[in-house]
Amino acid sequence: MSASLHPVSPGCGVEVRGVELARLSNSDLSLIRDAFHEHGVIFLRDQTFTKDDHLAFARRWGEIVINEHFPELADTPEIAVVIKEADQKTNIGGGWHADHSYDPAPALGSILVARDVPECGGDTMFAHLARAFDTLSDGLKANLRSLRALHSSRQIYGPGGAYEGTDLKQVLKADGALSDAMHPVVIRHPETGREVLYVNPAHTIRFEGWTREESLPLLNHLYAHATKPDFTCRHRWTPGCVAMWDNRSTWHHALNDYQGQRREMHRITIAGTALDAA
Ligand code: SIN
């Protein structure tokens, strides 16, 4: 069977068919890399993908980063367990974000494998931030290129953060280190060279030299723009489905619309590099 690409929406995401990830040839890896860079997120359905396959595929992209907050798979700290039990109310990743943007060298990407999915619900939304940036006005683009923004894990994982007082708090590691980092608001993508809007609702706090109150109107304008249907797609999970997204050029949002049902996903995060301004 030969590999083929099927865009999920005009703005974001592509399904790769005819590829067995556990037996991936170098030529199919090269096709997958190109698709990942162009579409921001790739999806492969019906994969037989053990935890060792997951680790081996991840290592073809780079070093693995261990998430400071998520629970880990027994004996395999490299694999984070993104889980919501049937009696739990709050999910992990239930708002638009880019993984690890609060790190000085943010993650290159994340590889998520669906292990147990609700009969209906629990889809994930994705947004393409290079395509979103391209369609801003020239005046706004020029202003954004001169800015940097502070990112932090505190507003989600810190004291008083989004998960405080929720039933997710007991699932997360109790002692995960918090992290802050300043990044250009428009980055030059390390592999594609494209300009990318690099702020996100979960982890961006404010622009450098601006207060949070001053920053929010412009941030909210950018968030509303980036989440338009033109730049987003919605992915329906099935068991054995694998997705890999680029954390420099996309955001994602795990929808929490499946109360009373269980969902378990396994994630590996790949290390990235410090990000340069466009
Ligand atoms: C995440 O933010 O990594 C979770 C995505 C998902 O569960 O769909």
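About its Cα centre, how strong a charge dipole does the chain have in debye, to the nearest 20, once Lys and Arg get +1 and Asp and Glu get -1 at the Cβ?
The dipole magnitude comes to about 380 debye.
Can you show me the helix-derived [θ] at 222 nm for the chain, built from DSSP H runs with n ≥ 4 at -39,500 (n - 2.57) apiece and divided by the number of residues, rounded to the nearest 500.
That comes out to -6000 deg cm²/dmol.
Mind checking the log10 I(q)/I(0) for segment 172-269 at q = 0.13, 0.24 Å⁻¹? Debye, one equal scatterer per Cα, no solvent, two decimals.
Reported log10 I(q)/I(0), two decimals: -0.67, -1.41.
Looking at the square roots a ≥ b ≥ c of the eigenvalues of the Cα gyration tensor of segment 1-46, which shape do they give, rounded for a/c under 1.5, prolate if a/b is larger than b/c, or oblate?
In terms of gyration-tensor shape, prolate.
Which whole-Hz couplings ³J(HN,Hα) result when phi for each residue of segment 168-179 is put into the Karplus expression 6.51 cos²θ - 1.76 cosθ + 1.60, θ = phi - 60°, listed in order with x for Gly and Pro?
Values, residue by residue: 7, 4, 6, 7, 6, 4, 6, 10, x, 5, 8, 9 Hz.
Would you check the chain for Lys pairs whose C-alpha atoms are within less than 27 Å, ignoring same-chain pairs closer than 8 in sequence, and give me the count?
Lysine pairs, 8 or more places apart or on different chains, close enough: 8.
Measuring from centroid to centroid over Cα atoms, what is the spacing of segment 204-278 and segment 74-92 in Å?
18 Å
Find how much the distance from Ala74 to Glu119 grows on full extension, using 0.36 nm per residue of separation minus their present alpha carbon separation; answer in nm with one decimal.
Full extension from Ala74 to Glu119 adds 13.6 nm.
On average, how much accessible surface per residue is there in the chain, in Å², for a 1.4 Å probe, leaving out ligands, DNA and RNA?
In whole numbers, the chain has 42 Å² accessible per residue.
With all protein chains present, calculate the accessible area of Tyr223 using a 1.4 Å probe and round the result to the nearest 10 Å².
So the heavy atoms of Tyr223 present about 30 Å² to solvent.
Could you sort Trp251, Trp210 by their accessible area in this structure, using a 1.4 Å probe and putting the largest first?
Trp210, Trp251
If you take the charge dipole of the chain about its Cα centre, with +1 on Lys and Arg Cβ and -1 on Asp and Glu Cβ, which of Val19, Ser30, Tyr198 is farthest toward its positive end?
Toward the positive end, the furthest listed residue is Tyr198.
If you roll a 1.4 Å probe over segment 206-255 with all protein chains in place, what percent of the accessible area is carbon or sulfur?
Exposed carbon and sulfur together represent 58 percent of the surface.
At a 1.4 Å probe radius, which order do Leu197, Leu218, Leu178 fall into by accessible area, largest first?
The residues order as Leu178, Leu218, Leu197, largest area first.
Which one of Ala114, Ala98, Ala56 has the biggest mean-square fluctuation once the chain is modelled by GNM with Cα springs under 10 Å?
For the chain, modelled as a Gaussian network with Cα springs under 10 Å, the answer is Ala56.
Considering only protein heavy atoms, with the full assembly of protein chains and a 1.4 angstrom probe, order Arg248, Arg148, Arg234 by accessible area, largest first.
So, going from the largest accessible area down, we get Arg234, Arg148, Arg248.
Please give the charge dipole size of segment 141-194, origin at the Cα centre, charges +1 on K and R Cβ atoms and -1 on D and E Cβ atoms. Round to the nearest 20 debye.
Roughly 420 debye for segment 141-194.
Please report the carbon-and-sulfur percent of the accessible area for segment 71-143; probe 1.4 Å, protein heavy atoms only, DNA, RNA and ligands left out.
52 percent
For a quick check, take a GNM of the chain with Cα springs below 10 Å and name the residue from Ile42, Ile83, Ile156 with the largest mean-square fluctuation.
Looking only at Ile42, Ile83, Ile156, the biggest GNM fluctuation is shown by Ile156.
The values are calculated or read from the model by the stated rules, or taken from the named source; none is laboratory data. Predicted, not measured: the structure shown is a model, and the values here were computed from it. FYI the Cβ positions are ideal-geometry reconstructions off the backbone, even for glycines, and counts take in every protein chain you see. Surface accessibility is based on the protein's heavy atoms, side chains included, excluding ligands, DNA and RNA. Shrake-Rupley method; radii C 1.70, N 1.55, O 1.52, S 1.80 Å.
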